[in-house]
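Input: a single structure, listed below in structure tokens.
The values are calculated or read from the model by the stated rules, or taken from the named source; none is laboratory data. No experiment lies behind these values; they were computed from the predicted model shown. Counting neighbours? That spans all protein chains shown, and the Cβs are built from the backbone with ideal geometry, glycine included. Side chains included, ligands, DNA and RNA excluded: accessible areas come from the protein's heavy atoms. Shrake-Rupley method; radii C 1.70, N 1.55, O 1.52, S 1.80 Å.
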Amino acid sequence: MKKVVYLDNNATTQCAPEVVEAMLPYFSEKYGNASSMHNFGGENRRVIDAARHQVAQFIHAQYDDEIIFTSCASESDNTAIFSAVRAFPHKKHIITSAVEHPAVMEPFRYLESRGYRVDHIGVDEKGRFNMTQLKEVIDEDTAIVSIMWANSETGTIFPIEEIAKVAHAHGAIFHTDAVQAVGKIPVDVQKTGVDMLSLSAHKFHGPKGIGVLYVKRGTRFLPYLMGGHQEKHRRAGTENVPYIVGIGKAAELAQKRLADGTMKKVAALRDELEKGILATIPDVKVNGDPANRVPNTTNISFGYVEGESILMFLNEFGICASSGSACTSGSLEPSHVLRAMKVPFEFAHGSIRFSLSDQTTKEDVSLVLKELPPIIERLRKISPFSKMA
Ligand code: PLP
């Protein structure tokens, strides 16, 4: 099999072997229901509590019971948003940003259709959050402010602590989708004053299909999934013991990587890749805020070519990345993130996101730097967007 050069870690990561190993016994030997009275199942309760503690430590939660296990970050985002509007039924205004993941955008769209007033806070050309706009639109009628910690496409980090302060000054709940921040930069819910936070294991070498919603003690909360008493009545459904063990282990390993300088090495490789591209290919520009990004991400626009074509050619060499365009009903639309940043059309269409991980090697970066320039040259020769003289 051809070697895969995997530079799409913001889409998902490989589940770490240590994580798989920790999970395995809970599928077969130790399969008991954690809510059972008998010891065989009941022992799994302790295992769940241990994982809850690992995740709480990882994001610096004050209490372990502030961690609610969910099936994914999409569930966590939906739960947070619908909880806030149901907990404050008299409030009819909600705020998000223009560059969120669909797991936040879609619940907001739904609530707008049900009569809620919605404000989407914009970003500047570097993808930086417009704090002034937030201060202008927020009022005492705002139930929730939901703003991501780091952007999935550009890696740009938002001023979470400042946003939380503004939300609280107006009595609003502050929720953050921290899926693209967790594991890449330190995340401290107490220091930043976050009320609710979503995260997903598969973005930091844990399994797919398990997420967390952090809910600070004292936050008014109503469950989304109702049924059993699990998670202290906050999320019904038999506990997914193997995946909970997996997210706990993944959190522990990610915390080590943040402490031992691994993520700095990832940033150095990302910078090497970015510099190499800028030095060898004309008409390219980096999207996002190079001064304030997560360490693994670079989003680069190659002018006058289509991102999908670049990806297809990279694929020939086993190189996996992703593009900022979405093909909708036959028309190629640049992503909502790049549109919000007002990236010019001829650049937005040729945007590629490279997202590295601790598994990325120097050889991976060298291969991209060797293969990419001729790909772009070739595509520009046949491109319908080719620069007109
Ligand atoms: N939020 C952000 C910012 C994401 O990048 C993703 C996944 O791409 C999600 C939410 C959804 O995560 P999950 O796959 O766990 O539902």
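Table: residues versus (1) among the aliphatic types (A, V, I, L, M); (2) part of a helix (DSSP H, G or I); (3) under 15 Å from the mean Cα position of the chain (by Cα).
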residue: Thr79; (1), (2), (3): no, yes, no
residue: Ile95; (1), (2), (3): yes, no, no
residue: Val99; (1), (2), (3): yes, no, yes
residue: Met105; (1), (2), (3): yes, yes, yes
residue: Arg109; (1), (2), (3): no, yes, no
Report yes if some residue within segment 247-264 is more than 16 Å from the ligand (Cβ to nearest atom), in a helix (DSSP H, G or I), open to solvent by less than 10 Å² (accessible area, probe 1.4 Å) and in contact with a strand residue (DSSP E or B) (Cβ under 9 Å, 6 or more places away or on another chain); otherwise report no.
-> no
Hits in segment 191-200 (condition: within 20 Å of Arg234 (Cβ to Cβ) and either out of contact with any Phe, Trp or Tyr (no Cβ under 8 Å at 6 or more places or on another chain) or near the ligand (Cβ under 8 Å from one of its atoms) (or both)) | Ser198, Ser200
Can you give me the number of residues within segment 203-219 that are more than 11 Å from the ligand (Cβ to nearest atom) and either touching a Phe, Trp or Tyr at 6+ places or on another chain (Cβ under 8 Å) or modelled with pLDDT under 95 (or both)?
-> 2
Within segment 343-377, restricting to residues that are open to solvent by 20 Å² or more (accessible area, probe 1.4 Å) and within 22 Å of the chain's Cα centre (by Cα), the one that is nearest to Pro290 (Cα to Cα) is Arg353
Enumerate the pairs (first residue in segment 138-152 and closer than 11 Å to Lys92 by Cα; second residue anywhere and within 16 Å of the ligand (Cβ to nearest atom)) with beta-carbon separation below 7 Å, excluding pairs fewer than 6 apart on the same chain, so at least 6 apart or on different chains.
-> Ile144/Ile81; Ile144/His175
Where a residue in segment 96-125 is farther than 10 Å from Ala340 by Cβ and among the polar types (S, T, N, Q) and its partner, wherever it lies, is within 15 Å of the ligand (Cβ to nearest atom) and assigned to a loop (DSSP other than H, G, I, E, B), with Cβ under 9 Å and at least six apart | Thr96/Ile147; Thr96/Met148
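Do we have Glu161 as within 16 Å of the ligand (Cβ to nearest atom), within 30 Å of Lys265 (Cβ to Cβ) and among the acidic types (Asp, Glu) here?
On the way: within 16 Å of the ligand (Cβ to nearest atom): no; within 30 Å of Lys265 (Cβ to Cβ): yes; among the acidic types (Asp, Glu): yes.
Against the criterion (within 16 Å of the ligand (Cβ to nearest atom), within 30 Å of Lys265 (Cβ to Cβ) and among the acidic types (Asp, Glu)), Glu161 does not qualify.
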Evaluate segment 57-68: report whether one residue or more is within 18 Å of Leu199 (Cα to Cα), away from the ligand (no atom under 16 Å from the Cβ), in a helix (DSSP H, G or I) and touching a Phe, Trp or Tyr at 6+ places or on another chain (Cβ under 7 Å).
-> yes
Among (1) assigned to a helix (DSSP H, G or I); (2) open to solvent by 50 Å² or more (accessible area, probe 1.4 Å), Pro282 falls short only on (1)
Residues within segment 29-55 that are open to solvent by 70 Å² or more (accessible area, probe 1.4 Å) and among the polar types (S, T, N, Q), tallied = 1
Given the conditions (1) under 23 Å from Pro223 (Cβ atoms); (2) open to solvent by less than 60 Å² (accessible area, probe 1.4 Å); (3) within 16 Å of the ligand (Cβ to nearest atom), report the number of the one that Glu106 does not fulfil.
-> (2)
Give the number of residues within segment 10-22 that are touching a helix residue (DSSP H, G or I) at 6+ places or on another chain (Cβ under 8 Å), in a loop (DSSP other than H, G, I, E, B) and within 16 Å of the ligand (Cβ to nearest atom).
-> 4
Inside segment 127-179, the number of residues satisfying the requirement of being within 19 Å of Arg117 (Cβ to Cβ), open to solvent by less than 30 Å² (accessible area, probe 1.4 Å) and aliphatic (A, V, I, L, M) is 11
